[in-house]
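Trainee: Let me give you the structure first, and then I'll get to my questions.
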Amino acid sequence: MNGSSSNEGKSLNGNPKQIEVFELLNSKNGPKHCTLTPWRVFRGVLCLVILLSTAFMMLIYWAPVVCLLLRLFSVHYSRKATSILFGTWLSLWPFLFEKINKTKVVFSGENVPEKERVLLFANHRTEVDWMYLWDLALRKGRLGYIKYILKSSLMKLPIFSWGFHILEFIPVERKWEVDEAIMRKKLSAFKDPQDPLWLAVFPEGTDYTEQKCIKSQQFAAENGLPILRNVLLPKTKGFNSCLESLRNSLDAVYDITIGYKHRCPLFIDNVFGVDPSEVHMHVQRILPREIPTSENEVTAWLMERFRLKDQLLSDFLTLGYFPHQGTEGDLSTPTCLVKCFVVVTLTIVFIYLTLFSSVLFKIYVSLSFTYLSFITYFGIQPQPVLGYVKGLFCGKKAC
């Protein structure tokens, strides 16, 4: 792969037509794959209304049960119930991408075994990369267990911020002096090997743009680092912290490279189904013992992974595909429809109970709304009562 990447890079530099294709595929402002028609606008708005309304009602009715009452007795079973319920709702997104928008999702590289605890790191082409990882997680039965490290401003989004908190995403300010303590505290809660885990990290820290790439290249040139064209230099402290905290409980680390045809999509492109035509994900499996242990060595290792990732993307932009395609099959349409039917039916029932049934349901909704707003704003996760009582008892006994 390395040799072919070098040759492709040389031919790319010398061929104006290939340069034009390269710039087009790197752009977020090129021509859209599908024309934005009134029908697509209507369909997109309808899908967004369904996604928001189902998210709101599922969170309002289920979150206090599985994330408060159940968690007071067992974090493990609370996470399991959360995975089943909210993983079912999350499956609506891959259904939208692959079945309604007809976006082709192509997986290549190595196959991902099921039932593994993994750390994933990927390049950050655009604002919706993280959503396409749901397509892979759904195929592996881990959709409800996937967690992200995301910028803290996203925790201010209405409704979605509740979901991010319930699913235990890790918000960061992208300032290590602020984030270090937060990350270590959050990561310490994910060490139990009995709890399934897919933790996704985007080491670049932000999505790719030409302006950011130029700044990244200037920094690289000044500090003797690789000059990268398709990715930004990774920020290594967050990745190293994840690896250091979880290494002993991980089955594998996955290096995922994401490429788009024929234009990098924005969130609104996904809603209206005008882009992308294809999403390609190349997967490389790495055992934790194959990764160095010291921080400096991990930094060098991650830099090298991104250099190889840059070469891989150069090949993709030239050839239109990653090597070893076809590692994952298509989503099951009947299964997607059943999950969609269940979520929509439950939402209709919840809306009816809220608006037309006993006043007790209105009180429940009001209390749930207040509870979700409170725990999300203050970043609170309930702790098991039995563990607290046991600790209190042991403390008194020691005295």
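Trainee: Note the per residue figure in Å³ for the convex hull of the C-alpha positions in segment 217-272.
Mentor: 162 Å³
Trainee: Using alpha carbons only, how many angstrom separate the centre of segment 345-386 from the centre of segment 164-191?
Mentor: Value for the Cα centre distance between the two parts: 25 Å.
Trainee: Return the ratio Rg/(2.2 N^0.38 Å) for segment 270-319, where Rg is computed over Cα atoms only.
Mentor: 1.61
Trainee: Within the chain, what's the longest run with no GluC sites (Glu not before Pro) in a DSSP loop and at most 14 other beta-carbon atoms within 10 Å? Give the range, please.
Mentor: After excluding every exposed loop site, the longest remaining stretch is 174-399.
Trainee: Okay, moving on. Using DSSP, restrict attention to beta bridges with both residues in the chain and report what percent are antiparallel, rounded to the nearest 5.
Mentor: Roughly 30 percent of the beta bridges in the chain run antiparallel, per DSSP.
Trainee: Let me ask something else. So what's the Cα pair-distance distribution over segment 314-383, bin width 10 Å, in %?
Mentor: That works out to 15, 20, 22, 19, 16, 8, 0, in percent per bin.
Trainee: Any idea what Rg and Dmax come out to for the chain if you just take the C-alpha atoms, in Å?
Mentor: 22.3, 78
Trainee: Given N residues in segment 250-341, what is Rg(Cα) / (2.2 N^0.38 Å)?
Mentor: 1.39
Trainee: Is there a quick way to get the dipole size of the chain? I mean about its Cα centre, with the Cβ of Lys and Arg at +1 and of Asp and Glu at -1; what is the value in debye to the nearest 20?
Mentor: Result for the chain is approximately 1080 debye, rounded to the nearest 20.
Trainee: With springs only between Cα atoms under 10 Å apart, run a GNM on the chain and tell me which of VAL49, VAL298, VAL253 wobbles the most.
Mentor: Comparing VAL49, VAL298, VAL253 in a Gaussian network model of the chain, the most mobile one is VAL49.
Trainee: Something else: Neighbour counts of other C-beta atoms within 10 Å: give me CYS264, CYS340, CYS34 arranged from fewest to most.
Mentor: With the sparsest Cβ surroundings first, the list reads CYS34, CYS340, CYS264.
Trainee: If we restrict to alpha carbons, what Rg and Dmax does segment 181-236 come to, in Å?
Mentor: Over segment 181-236's Cα set, Rg and Dmax evaluate to 15.9, 45 Å.
Trainee: Using Cβ counts within 10 Å as a stand-in for footprinting exposure, how do ILE214, ILE149, ILE182 rank, fewest first?
Mentor: With the sparsest Cβ surroundings first, the list reads ILE214, ILE182, ILE149.
Rule-based calculations on the coordinates, nothing more; no lab input. If you're wondering where the values come from, they're calculated on a predicted model, not measured in any experiment. Neighbour counts are summed over all protein chains in view; Cβ atoms, including those assigned to glycine, are modelled from backbone coordinates with ideal geometry.
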